[in-house]
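What follows is a single structure, written as structure tokens, with notes after it.
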Amino acid sequence: MMKFFHKLGSPPYFYGFAGRLAPWLGIICLILLVIGLYDGLVVAPTDYQQGESYRIIYIHVPAAWMSLFIYMVMAVCAVLTMIWRVKIAEVIATASAPLGASFTFLALVTGSLWGKPMWGTWWVWDGRLTSELILLFLYLGIIALYNAVEDKRTAARSTAVLTLVGVVNIPIIHYSVIWWNTLHQGPTVTKLGAPSIDPRMLIPLLLMAMAFQFYYFAVVLMQARAEILERERNTAWVQQLPEVNGP
Amino acid sequence: MTPRRKKRLILVGLLLAGVTTGTALALYSFKQNLMFFYPPSDVVAGKAPAHHAFRLGGLVEKGSLKRRPNGLTVEFDVTDLKKSVHVQYTGILPDLFREGQGIVAKGRLGPGGIFIADEVLAKHDEKYMPPEVAASLKKAHAKGVTTAETQTP
């Protein structure tokens, strides 16, 4: 097992492994997405309070979960980068940042679209909305810092420090609706005790959340491969790849 | 683990501990400012600002909603089940607004302790269920079966 992880840390092995795994993850994502969307938009019952409008939950909540999850992946990569200088961790963190920013943006936009008809406003500066907006700025700051430094390995190390400083925001986002009074309601699923959502509505939500997870894993592996090729373009093993060398 | 890595591990630990402590202290000292609204109890106790605008949050008290005959002006009481504040508002109410619903109103205190609102937002709870389940819950509730159904604003 440990041997496998050591092997994964080597760019040529990771490049081949990710290339074989990514298409399968993509297929699983598509299947889950189709079932989840159909189940959520057609099969699931309407809500007693919000009618049909609540169905935006099937995009909003998985996107918001992903925005936190991807940041945690980046934080783990940052620790691996700072202490063990693992090249693959640097690559995965780099590939994750734009995806995390996209999911955060999607969560904010769908939340805003949901807020207007239900709350009566597009935006308020309450604890949950503000901390999620800070998360978007963190992602953008991480992307900007990485691109501002010429040497990629130095860039990855500086980015790792910023990522670890920003990780304090993750529990704040989660607990914002519990610590302070906010316009955003409290957690429905991610809490101790039973979820306050009907099982027929919960199942498509979990399917969509899994679809988003698989989407992230598939895309991050493909992006990581591209990043590895760029970083290692002068090495012998990249020169010898059939897709680089050509027929 | 090599001594160099151990040193880096300690540095990472110190970085995380420092940032966490700093943020925790900052958030703790700004606790009151991070609240989105004041509950009616605080307003009645005089803890809300008297001379500038603030937000008031709570439930629309059942049976308190009155609509002025000509125009958009409504009056209702906002309660946190302990104290309540009388609110006056002219404008369009959100679709979810009704008696018993959680709301957040922005405005200022007028003469006689009346809250003059210039914006009313609806706050919904974290529960999602089909209408028939909600109806049967309500029926069970009316029969005296106690459920944890009190909506907290």
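Shape call for chain B from the C-alpha gyration tensor, a ≥ b ≥ c root eigenvalues: rounded (a/c under 1.5), prolate (a/b greater than b/c) or oblate?
The shape class here is oblate.
Skip the ligands, DNA and RNA, and give the accessible area per residue of the protein assembly as shown with a 1.4 Å probe, whole Å². Can you show the working numbers first?
On the way: 20800 Å² over 400 residues.
Averaged over the residues of the protein assembly as shown, the accessible area is 52 Å².
Can you pull the mean other chain C-beta count within 10 Å for peptide A:44-57?
The per-residue average across the peptide is 4.
Placing unit charges on C-beta atoms (Lys and Arg positive, Asp and Glu negative, everything else neutral), compute the dipole magnitude of the range B:36-123 about its Cα centre in debye, rounded to 20.
60 debye
To the nearest 20 debye, what is the magnitude of the charge dipole of chain B about its Cα centre, counting +1 on the Cβ of each Lys and Arg and -1 on the Cβ of each Asp and Glu? All intermediate terms of the calculation are to be shown ahead of the outcome.
Values: 22 positive and 13 negative charges, 191 e Å.
Dipole size: approximately 920 debye.
Which whole-Hz couplings ³J(HN,Hα) result when phi for each residue of the range A:13-21 is put into the Karplus expression 6.51 cos²θ - 1.76 cosθ + 1.60, θ = phi - 60°, listed in order with x for Gly and Pro?
5, 4, 4, x, 4, 5, x, 7, 7
Residue by residue through the range B:49-54, which ³J(HN,Hα) values in whole Hz follow from phi under the Karplus form 6.51 cos²θ - 1.76 cosθ + 1.60 (θ = phi - 60°), with glycine and proline marked x?
Listing the rounded values in order: x, 8, 10, 9, 5, 8 Hz.
For the protein assembly as shown, with only Lys/Arg (+1) and Asp/Glu (-1) charged at the beta-carbon, what is the dipole magnitude about the Cα centre, in debye rounded to 20? Don't skip to the answer; put the middle values down first.
Values: 38 positive and 26 negative charges, 239 e Å.
Taking the Cα centre of the protein assembly as shown as origin, the dipole is about 1140 debye.
Please report how far the C-alpha centroid of the range B:55-107 lies from that of the range B:126-144, rounded to the nearest whole angstrom.
23 Å
May I ask you to find the residues of the range B:18-38 that are shielded by at least 30 Å² of accessible area once the whole protein assembly is considered instead of their isolated chain (probe 1.4 Å)?
Those residues are B:Val19, B:Thr23, B:Leu27, B:Leu34, B:Met35, B:Phe36, B:Phe37.
Whose amide H sits under 5 Å from the amide H of B:Glu126, counting only residues 5 or more places off or on another chain, with H placed in the peptide plane?
Excluding prolines and chain starts, which carry no amide H, the hits are A:Gly186.
From other protein chains only, count the Cβ atoms within 10 Å of every residue's Cβ in A:176-184, then give the mean.
6
What is the calculated FRET efficiency for B:Ala24 to B:His86, with r their C-beta to C-beta distance and R₀ = 30 Å, to the nearest 0.05?
Details: r = 38 Å, r/R0 = 1.28.
That gives a FRET efficiency of 0.20.
Compute the relative contact order of the range A:16-229 as a whole-number percentage, counting only Cα pairs closer than 8 Å that sit 6 or more residues apart in sequence.
Values: 258 pairs, mean separation 81.8, N = 214.
Here the relative contact order equals 38 percent.
For the range A:1-58 and the range A:133-155, compute the distance between their C-alpha centroids and round to whole Å.
Cα centroid to Cα centroid, the span is 26 Å.
Accessible area lost on pairing A with B, both sides, 1.4 Å probe, Å² to nearest 100?
3600 Å²
Can you bin the range A:16-229 into rounded, prolate or oblate? Criterion: square roots of the alpha carbon gyration tensor eigenvalues sorted a ≥ b ≥ c, rounded for a/c under 1.5, prolate for a/b above b/c, oblate for the rest.
Numbers: a/c = 2.35, a/b = 1.44, b/c = 1.63.
Note, shape of the range A:16-229 comes out oblate.
Cross-link list B:Lys82/B:Lys106; A:Lys191/B:Lys123; A:Lys3/A:Lys191; B:Lys31/B:Lys138; B:Lys82/B:Lys138: which exceed 25 angstrom alpha carbon to alpha carbon?
The answer is A:Lys3/A:Lys191; B:Lys31/B:Lys138.
Could you work out how far helix A:169-179 tilts from the main Cα principal axis of chain A, as a 0 to 90 degree angle to the nearest 10?
Tilt relative to chain A: about 10 degrees.
Select from the range B:116-142 all residues whose loss of accessible area on going from the chain by itself to the full protein assembly reaches 50 Å² or more (probe 1.4 Å).
Those are B:Leu121, B:Lys123, B:His124, B:Glu126, B:Tyr128, B:Met129, B:Pro130, which lose 50 Å² or more relative to the chain on its own.
Among the aspartates and glutamates, which fall within straight-line cross-link reach of A:Lys152, defined as a Cα-Cα distance under 17 Å, with same-chain neighbours fewer than 8 residues apart omitted?
Qualifying aspartates and glutamates at Cα under 17 Å: A:Glu90, A:Glu227, A:Glu230, A:Glu232.
What shape does the protein assembly as shown have by the C-alpha gyration tensor, where a ≥ b ≥ c are the square roots of the eigenvalues, rounded means a/c under 1.5, and otherwise prolate means a/b greater than b/c and oblate the rest?
Note, shape of the protein assembly as shown comes out prolate.
Could you please state how large a percent of the accessible area of the protein assembly as shown is carbon and sulfur, counting protein chains only and using a 1.4 Å probe?
Within the protein assembly as shown, the accessible surface is 66 percent carbon and sulfur.
Roughly how many nanometres apart are two label points built 7 Å out from the Cα toward the Cβ at A:His174 and B:Arg67?
Each label point lies 7 Å from its Cα, and together they span 4.5 nm.
Could you tell me the relative contact order of chain B? Use alpha-carbon pairs under 8 Å, at least six residues apart, and round to a whole percent. Before the final figure, lay out each step's value.
Numbers: 217 pairs, mean separation 27.6, N = 153.
It comes to 18 percent, rounded to a whole number.
Provide a whole-number value for the mean count of partner chain Cβ atoms within 10 Å of the Cβ atoms in peptide A:146-156.
Partner Cβ neighbours, averaged per residue: 0.
Run lengths n ≥ 4 of DSSP H only: what is the helix-derived mean residue ellipticity at 222 nm for chain A, with -39500 (n - 2.57) per run over all residues, to the nearest 500?
-24500 deg cm²/dmol
Just to be sure I understand the model, the point goes 7 Å from the Cα along the line to the Cβ. What's the resulting A:Asn234 to B:Leu15 distance in nm?
Going from the A:Asn234 label point to the B:Leu15 one covers 2.7 nm.
Grab the Cα-Cα distance for A:Thr121 and A:Ala226, subtract it from 0.36 nm times how many residues apart they are, and report the gain in nm with one decimal.
Gain in length upon complete extension: 33.6 nm.
The values are calculated or read from the model by the stated rules, or taken from the named source; none is laboratory data. None of the values given here were measured: they were computed from a predicted structure. Note that we place each Cβ from the backbone using ideal geometry, even for glycine, and neighbour counts take in every protein chain shown. Heads up: the accessible areas ignore ligands, DNA and RNA and are worked out on the full protein's heavy atoms, side chains in. Shrake-Rupley method; radii C 1.70, N 1.55, O 1.52, S 1.80 Å.
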